[in-house]
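Participant: After the structure tokens below, expect a handful of questions from me.
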Amino acid sequence: MSTIPYEPEFQQAYDELYSTLKDSTLFEQNPHLEKLIPIVSIPERIVQFRVTWEDDNGDIQVNRGYRVQFNSALGPYKGGLRFHPTVNLSVLKFLGYEQIFKNALTGLNMGGGKGGADFDPKGRSDNEIRRFCQAFMTELQRHIGPDTDVPAGDINVGGREIGYLFGTYKKLRNQFEGVLTGKGLTWGGSLIRPEATGYGLVYYVDEMIKYATEGKETFAGKRVAISGSGNVAQYAALKVIELGGTVVSLSDSRGAFLAQGEEGFNAEEISKIAEIKLVRKQLASLESDFSPKFKYIPGARPWVHAGKVDVALPCATQNEVSGEEAQALVANGCKYIAEGSNMGSTMEAIEVFENERMKTAGGIWYGPGKAANCGGVAVSGLEMAQNSQRSSWTSEEVDGKLKDIMVTCFNTCVSTAKNYSSENNSGLPSLVKGANIAGFVKVAHAMKDLGEFW
Ligand code: NDP
């Protein structure tokens with residue numbers, strides 16, 4: 001497939017997938033599968049639309065809305081909605097592309113999609129956000145449905161926004177049905193959905209630690225650097241704390257908090273952060289509350305400032321770990337890095353991590369977002385199952401299923417990496433190769449069976 005220079009994020013996601021498949025024995029063993037690459041890399045459909053809405057001054061505002069329906073071989077399109085000024089087709093195509101293979105890794109029947117708008121909720125009132133969501137869904141509702149396309153949340157789309165979107169869909173279609181996930185508990189949501197991505201990430205890393213140390217170590221006693229302070233970061237932090245780890249950093253788009261001593265964040269501090277994030281405030285507003293236990297560094301990401309850490313969990317946005325930051329993490333003794341964010345690491349950072357993995361037995365180990373953050377969409381899949389049955393499961397049931405899915409996903413990544421490895425299998429297997437190959441092969445087989453490629 002020819003490259004698309006005006007879609008750099010999508011090109012990066014494509015290059016990352018294709019280069020790891022090429023760098024394995026997959027195409028040697030199955031030459032026909034390479035023919036699928038140009039086919040699977042073009043979305044089945046993209047919907048673009050205008051969103052006009054009224055601000056608090058009574059003035060008209062306009063934004064661009066999108067839904068990329070990338071692949072439906074395994075089930076209805078499934079993937080979140082992002083509201084952020086940086087949203088464009090390149091970003092949504094990269095997210096949708098990753099989503100196809102991630103959803104395959106959950107073992108559930110979900111296709112891949114992603115959508116959103118270049119709307120910036122910062123500085124907007126609750127009423128403006130409600131009116132924007134209503135305007136956005138007024139158009140999107142024509143293109144989605146519980147058996148067609150089931151969106152969820154992503155950056156700046158949480159429970160409140162899903163409520164406004166669901167309410168609008170219900171009104172316009174006159175149907176109360178499982179068309180969105182991440183819904184509230186009294187109107188069709190699943191327990192553990194808000195927690196799922198962060199918890200799932202930590203369950204995945206726990207498996208990495210146990211595998212690498214042959215069961216000798218767990219999260220207990222580990223120092224953990226986390227970026228972001230939204231949904232994924234908050235619940236990842238809470239689970240790390242529950243498992244006995246120390247969270248030494250959290251950040252947002254304007255700066256980072258770094259622990260100044262041995263002690264990390266506690267649950268009460270995380271809950272303060274959750275409160276201010278709900279009203280769209282910056283972390284800087286907590287500087288005086290958190291000082292001197294935490295130092296606030298404006299404009300910083302945590303990685304070069306975190307000092308000695310065992311684990312790094314990027315949980316904010318794409319390309320938030322550069323090659324130099326990856327080097328700094330390695331130099332500071334970090335052993336495990338796993339992405340809560342999608343495409344959290346640049347290609348240069350992945351190269352650093354993968355080289356380190358191969359250099360030393362027991363070296364650094366990288367868990368890509370496609371696998372490590374699949375817990376969110378997995379519990380969305382469980383929410384769809386509960387909606388279809390018109391029943392709801394307990395927290396313990398959902399959390400147990402989430403854990404099983406993350407453990408199975410980890411084991412699939414390990415075994416697939418070993419099966420298709422061109423390396424000698426003495427060290428840690430490449431989880432990025434394992435995830436990409438396992439996801440791709442599952443989608444390929446379904447597309448072949450469906451006559452979508454031959
Ligand atoms: P939230 O909107 O809840 O939080 C996003 C966090 O990232 C905020 O702290 C935000 O800072 C920060 N952030 C956003 N954009 C940037 C940027 N350009 N530079 C630096 N920081 C930034 O989103 P989520 O927690 O839901 O999502 C975080 C990541 O996890 C995303 O990559 C998303 O795609 C991924 N993900 C989310 C899933 C989910 O279930 N929610 C599932 C799987 C992956 P600020 O508050 O200043 O804007």
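Participant: Can you tell me which of (1) over 17 Å from residue 321 (Cβ atoms); (2) more than 16 Å from the ligand (Cβ to nearest atom); (3) not aliphatic (A, V, I, L, M) is the one residue 399 doesn't meet?
Facilitator: All conditions are met except number (2).
Participant: Sticking with this structure for a sec: Which members of the range 184-212 meet the condition of being away from the ligand (no atom under 16 Å from the Cβ), in contact with a helix residue (DSSP H, G or I) (Cβ under 6 Å, 6 or more places away or on another chain) and in a helix (DSSP H, G or I)?
Facilitator: First, pick out the residues of the range 184-212 that are away from the ligand (no atom under 16 Å from the Cβ): 185-188, 206-212.
Going one step further and asking which of them are in contact with a helix residue (DSSP H, G or I) (Cβ under 6 Å, 6 or more places away or on another chain), we end up with 188, 207.
Hit for the range 184-212 is 207, nothing else.
Conditions tested, residue by residue: (1) at pLDDT below 95; (2) open to solvent by 10 Å² or more (accessible area, probe 1.4 Å); (3) not polar (S, T, N, Q).
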residue: 97; (1), (2), (3): no, no, yes
residue: 107; (1), (2), (3): no, yes, yes
residue: 117; (1), (2), (3): no, no, yes
residue: 133; (1), (2), (3): no, no, yes
residue: 141; (1), (2), (3): no, yes, no
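Participant: If I ask for residues that are within 15 Å of the ligand (Cβ to nearest atom), hydrophobic (A, V, I, L, M, F, W, C) and open to solvent by 30 Å² or more (accessible area, probe 1.4 Å), which ones from the range 306-332 would you list? Steps first, please.
Facilitator: Quick first cut of the range 306-332, residues within 15 Å of the ligand (Cβ to nearest atom) only: 312-322, 325.
When the remaining residues are screened for being hydrophobic (A, V, I, L, M, F, W, C), the result is 312-313, 315-316, 321.
Result: 316, single match.
Participant: Right, another one. Going by what's in this entry, would residue 230 be described as over 12 Å from residue 339 (Cα atoms) and within 13 Å of the ligand (Cβ to nearest atom)?
Facilitator: On the way: over 12 Å from residue 339 (Cα atoms): yes; within 13 Å of the ligand (Cβ to nearest atom): yes.
Considered against the rule, which asks whether it is over 12 Å from residue 339 (Cα atoms) and within 13 Å of the ligand (Cβ to nearest atom), residue 230 comes out as yes.
Participant: Here is a further query. Note down all Cβ pairs under 7 Å where the first residue falls in the range 242-257 and is open to solvent by less than 30 Å² (accessible area, probe 1.4 Å), the second is among the basic types (Lys, Arg), and they're at least six residues apart or on different chains.
Facilitator: 245/222; 248/223; 251/301; 256/301
Participant: Starting from the range 136-147, keep only residues that are touching a residue at least 60 places away in the same chain (Cβ under 8 Å) and assigned to a loop (DSSP other than H, G, I, E, B), then list their pairs with residues that are open to solvent by less than 50 Å² (accessible area, probe 1.4 Å) and not β-branched (Val, Ile, Thr) whose Cβ atoms are within a distance under 6 Å, requiring at least 6 positions of separation or different chains.
Facilitator: Going by the 6 Å Cβ cut-off, the qualifying pairs are 143/67; 146/177; 146/178; 147/76.
Participant: Looking at the range 350-390 only, could you name the residues that are away from the ligand (no atom under 16 Å from the Cβ), under 14 Å from residue 337 (Cβ atoms) and of a type outside the set (Val, Ile, Thr)?
Facilitator: 351, 353, 354, 355, 356, 357, 363, 365, 366
Participant: Another question about this same structure. In the range 295-305, what count of residues is obtained for those that are open to solvent by less than 30 Å² (accessible area, probe 1.4 Å) and in contact with a helix residue (DSSP H, G or I) (Cβ under 8 Å, 6 or more places away or on another chain)?
Facilitator: So the count comes out to 2.
Participant: Further, regarding this structure: Out of 277, 281, which single residue is of a type in the set (D, E, K, R), free of Cβ contacts under 8 Å to residues at least 24 places away in the same chain and within 12 Å of the ligand (Cβ to nearest atom)? Steps first, please.
Facilitator: On the way: 277 fails: free of Cβ contacts under 8 Å to residues at least 24 places away in the same chain.
Just one listed residue meets the conditions, 281.
Participant: Given (1) closer than 17 Å to residue 436 by Cα; (2) outside any helix (DSSP H, G or I), identify the lone condition not met by residue 78.
Facilitator: (1)
Participant: A further question follows. Only one of 120, 55 is more than 24 Å from the chain's Cα centre (by Cα) and not hydroxyl-bearing (Ser, Thr, Tyr). Can you tell me which?
Facilitator: Details: 120 fails: more than 24 Å from the chain's Cα centre (by Cα).
When all the criteria are applied, what remains is 55.
The values are calculated or read from the model by the stated rules, or taken from the named source; none is laboratory data. Given the structure is predicted, the values throughout are model-derived calculations rather than measurements. Counting neighbours? That spans all protein chains shown, and the Cβs are built from the backbone with ideal geometry, glycine included. Heads up: the accessible areas ignore ligands, DNA and RNA and are worked out on the full protein's heavy atoms, side chains in. Shrake-Rupley method; radii C 1.70, N 1.55, O 1.52, S 1.80 Å.
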